[in-house]
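Please treat every number below as a calculation from the coordinates, not as lab data. Nothing here was measured: the structure is a model prediction, and the numbers come from that model. Don't worry about glycine lacking a Cβ; one is built from the backbone with ideal geometry, like all the others, and counts go over all protein chains shown.
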Amino acid sequence: MDIALKPMANLNELDAEINCPSSRSITNRVLIAAALASGESNLENALLCDDTLVMIKGLEKFGAEIKIIR
C-alpha cells in the first residue's frame, strides 16, 4: 500500500492536548511526532519500556533533548 501525505496548510502553531491509552506503539509514535515538532512537547502517562527507551536514545542521537520525569 502506498500513502501520499501533504503537510497541513497554514498551520503555524498547534496547541493541543490529546489523551490516549498508554501503549508502547503509541508512545513511540508520539515521541517521533514530538521530536519533529517545533517547541516543547510534554507527554503524560507515556509507557516506558525497553522499546520506548531505545526510541528515546535514537532520537537523542538525532539531536532531540528528552528528559524523563518519574
At what distance in nm do the modelled label points of D50 and I32 sit from each other, each positioned 7 Å from its Cα along Cα→Cβ? 2.1 nm
Segment 21-70 - Debye-derived log10 I(q)/I(0), Cα point model, q = 0.14, 0.26 Å⁻¹: -0.29, -1.09
